[in-house]
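K.L.:
My questions all concern the structure below.
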Amino acid sequence: MSEQIERTLVIVKPDGFRRGLTGEVLRRIESKGYVLADLHITTPDRERLARHYEEHQGKPFYEPLVDFMSSGPATFVVVEGHRCIEGFRALAGATDPTKALPGTIRGDLGRDWGEKVQANIVHGSDSPESAAREISIWF
Ligand code: RTP
Ligand code: MG
């Protein structure tokens, strides 16, 4: 079967940006063999975050999540490569950085800071449908 280029949306979240981890995250994506197809830095606005996180509206962590995500600059990256949606989720590791395995971005670089919401450095789309929807929101 021939290679099929897939695209995913990666966000280096405001905690990753503040901690100076943007380059480290991009390095891991490139080292894995994926391509950085597009990239920009912006402080996410609440209107686009509401669309991005619509599946989480009404959950207890929703408001803290939007507060956290709009707290400063973040880097939005379109990543390309065969099976990169699943592949980046593996690179990122478990949502909870305390449980994320060493070797993953969240496992190596993240921890629990005792905040209301998990500050876990990166976002990665979880399906082809989510990736297309999320890329259209931010690009
Ligand atoms: P992401 O969407 O950021 O790639 O992360 P994910 O799929 O692993 O996690 P998801 O369930 O989609 O949740 C989105 C983000 O909300 C924050 N969260 N905090 N109980 C909590 O403290 C909690 N639950 C979710 C995290 O920042 C998570 O990445
Ligand atoms: Mg998610």
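K.L.:
Considering only residues that are in a helix (DSSP H, G or I) and away from ligand 1 (no atom under 12 Å from the Cβ), which ones fall in the range 52-89?
P.N.:
Selection gives Cys84, Glu86, Gly87.
K.L.:
Filter the range 90-139 down to the residues that are near ligand 1 (Cβ under 10 Å from one of its atoms) and part of a helix (DSSP H, G or I) and list them by number.
P.N.:
Within the range 90-139, Ala92, Arg106, Ser130, Glu134 qualify.
K.L.:
A further question follows. Which of (1) without any contact (Cβ under 8 Å) to a residue 60 or more places away in the chain; (2) of a type in the set (A, V, I, L, M); (3) more than 21 Å from Ile137 (Cβ to Cβ) is the odd one out, the single condition Leu39 does not satisfy?
P.N.:
(3)
K.L.:
Still on this model: Out of the residues in the range 107-131 meeting the condition of being surrounded by fewer than 21 Cβ atoms within 10 Å (Cβ to Cβ) and either at positive phi or aromatic (Phe, Trp, Tyr) (or both), tell me which one is farthest from ligand 2 (Cβ to nearest atom).
P.N.:
Out of the qualifying residues, it is Gly114.
K.L.:
Another question about this same structure. Quick test for you: out of His52, His56, pick the one residue that is touching a helix residue (DSSP H, G or I) at 6+ places or on another chain (Cβ under 8 Å), in contact (Cβ under 8 Å) with a residue 40 or more places away in the chain and closer than 18 Å to Val117 by Cβ.
P.N.:
His52
K.L.:
Confirm whether Ala94 is crowded, with 17+ Cβ neighbours inside 10 Å and closer than 15 Å to Val122 by Cβ.
P.N.:
No: the conditions fail for Ala94.
K.L.:
Residues in the range 26-45: is at least one touching a Ser or Thr at 6+ places or on another chain (Cβ under 6 Å) and either aromatic (Phe, Trp, Tyr) or under 19 Å from Pro14 (Cα atoms) (or both)?
P.N.:
The answer is yes, given that some residue of the range 26-45 is touching a Ser or Thr at 6+ places or on another chain (Cβ under 6 Å) and either aromatic (Phe, Trp, Tyr) or under 19 Å from Pro14 (Cα atoms) (or both).
K.L.:
Something else about it: Gly72 versus (1) within 14 Å of Val10 (Cα to Cα); (2) surrounded by 13 or more Cβ atoms within 10 Å (Cβ to Cβ): which is the lone unmet condition?
P.N.:
(1)
K.L.:
Can you tell me which condition Leu49 does not meet? The list is (1) more than 23 Å from Ser136 (Cα to Cα); (2) surrounded by 17 or more Cβ atoms within 10 Å (Cβ to Cβ), and all the others hold.
P.N.:
(1)
K.L.:
May I pose another question? In the range 36-51, which residues are outside any helix (DSSP H, G or I) and among the small types (Gly, Ala, Ser)?
P.N.:
Passing the criteria: only Ala37.
K.L.:
Being under 14 Å from the mean Cα position of the chain (by Cα) and of a type in the set (D, E, K, R) is the filter here, so list the residues in the range 6-34 that pass it.
P.N.:
Arg7, Lys13, Asp15, Glu24, Arg28
K.L.:
To continue, here is another question. Hey, can you tell me all the residues within the range 76-98 that are on the phi > 0 side of the Ramachandran plot and either more than 16 Å from ligand 2 (Cβ to nearest atom) or not small (Gly, Ala, Ser) (or both)? Spell out the reasoning first.
P.N.:
Residues of the range 76-98 on the phi > 0 side of the Ramachandran plot: 81, 83, 93.
Gly81, Arg83, listed by residue number.
Every read-out reported here was derived from the displayed coordinates using simple, explicitly stated rules and does not represent laboratory data. Computed from a predicted model, the values in this text were never measured in an experiment. Positions of Cβ are backbone-derived with ideal geometry, glycine not excepted, and every protein chain shown enters the neighbour counts.
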